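Note sheet for the following structure.
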Amino acid sequence: MIEIRNLAKTYHGAEGDFTAVKNINLTINDGDIFGIIGLSGAGKSTLVRCINLLEVPTEGDVLVDGRSMLSLSRRELLAARQKIGMIFQGFNLLSQRTALDNITYPLEIAGVKRAQAVKRARELLDMVGLAEKEKSYPSQLSGGQKQRVAIVRALAMEPEVMLFDEPTSALDPEMIGEVLDVMKALA
Ligand code: ADP
Ligand code: MG
């Protein structure tokens with residue numbers, strides 16, 4: 001599903017060049033649950049962000065489902081990214097939209113009819129135990145609840161790949177479990 005070949009990423013910053021990752025080769029098969037572990041600053045986020053080209057590799061290639069991400073046109077890349085969900089440490093929910101409307105938003109952009117988007121969003125909220133929170137705004141949700149909304153928002157697009165970058169590191173300890181439980185169920 002994901003093949004990383006000879007990947008390197010060098011950042012060009014004010015203080016000069018910094019190579020965050022290099023010589024990365026790995027294959028992640030369809031259905032695999034694959035974890036990347038390393039110290040802070042080791043390059044984990046860089047590596048994950050190179051998979052959907054949020055960072056453009058300096059060297060090497062990334063194949064998702066057999067296709068080189070670097071060979072895609074802008075339009076093809078946008079389409080490919082719709083099939084790659086990503087969950088960040090910060091929840092990145094839209095603060096002016098309810099939990100339900102955060103989930104329907106990308107669906108509607110992708111051309112799904114409102115009624116169908118709402119139906120799918122409600123099913124997903126129910127799946128992660130948040131059916132009662134559909135009208136809540138992000139500011140009215142706990143960190144764990146926000147992250148569960150963010151996870152199902154990504155799932156609503158029926159992605160082939162889900163990338164998680166430290167999805168529990170911004171949470172209070174008592175909320176980590178509920179997010180991990182959702183991830184385990186998903187896996
Ligand atoms: P991790 O996620 O494992 O903590 P990162 O991938 O975020 O590591 O960062 C790896 C290294 O690259 C760090 O030393 C970080 O300071 C550096 N880095 C990350 N992003 C940038 C950037 N946009 N510009 C310059 N250096 C960066
Ligand atoms: Mg990181």
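Listed by chain and number, the lysines placed with their C-alpha closer than 18 angstrom to that of residue 22 are 9, 44; residues fewer than eight positions away on the same chain are left out. About its Cα centre, the dipole of segment 1-148 is roughly 540 debye, where the only charges are +1 on Lys and Arg Cβ and -1 on Asp and Glu Cβ. One Cα centroid belongs to segment 146-172, the other to segment 87-133; the line between them spans 12 Å. Rolling a 1.4 Å probe over the protein heavy atoms gives segment 90-187 an accessible area of 53 Å² per residue.
Shape index of segment 85-141: Rg/Rh, with Rg the Cα radius of gyration and Rh the Kirkwood radius from the inverse mean 1/r over Cα pairs, equals 0.95.
Taking trypsin sites (Lys or Arg not before Pro) as exposed when their DSSP state is a loop state and no more than 13 other Cβ atoms lie within 10 Å, the longest site-free interval of the chain runs over 1-112. Membrane-span-like helices of the chain, defined as complete DSSP H segments with a Cα extent of 15 Å or more along the helix axis and a mean Kyte hydropathy of at least 0.0, are identified as 99-109, 143-156, 173-186. Taking the square roots of five times each eigenvalue of the Cα gyration tensor of the chain, the equivalent ellipsoid has semi-axes of 30, 20, 15 Å, listed largest first. Quote to one decimal, in nm, the extra length available between residue 142 and residue 33 on full extension: 0.36 nm per residue of separation minus the C-alpha distance between them. Between residue 142 and residue 33, full extension yields 36.6 nm more. Remark on segment 1-105: hydrodynamic radius 15.4 angstrom, per the Kirkwood mean of 1/r across alpha carbon pairs. Among the chymotrypsin sites (Phe, Trp or Tyr not before Pro) in segment 27-112, those placed in a DSSP loop whose Cβ has at most 11 other Cβ atoms within 10 Å are 34. With all protein chains in place and a 1.4 Å probe, the accessible surface of the chain carries 49 percent carbon and sulfur. For the chain, the residue among 109, 143, 26 whose Cα projects farthest onto the positive side of the dipole built from Cβ charges is 109.
Specify whether the C-alpha gyration tensor of segment 42-81 places it in the rounded, prolate or oblate class, a ≥ b ≥ c being the square roots of the eigenvalues: rounded for a/c under 1.5, otherwise prolate if a/b is larger than b/c and oblate if not. Cα axes put segment 42-81 in the prolate bin. Computed from the C-beta positions of residue 122 and residue 77 and an R0 of 30 Å, the FRET efficiency is 0.45 to the nearest 0.05. Residue-normalised convex hull volume from the C-alpha trace of segment 131-187: 93 Å³ per residue.
The values are calculated or read from the model by the stated rules, or taken from the named source; none is laboratory data. What you see is a predicted model, and the numbers here were worked out from it, not measured in a lab. Every residue, glycine among them, receives a Cβ derived from its backbone with ideal geometry; neighbour counts consider all protein chains shown. Protein only, heavy atoms only, side chains kept; ligands, DNA and RNA dropped before computing areas. Shrake-Rupley method; radii C 1.70, N 1.55, O 1.52, S 1.80 Å.
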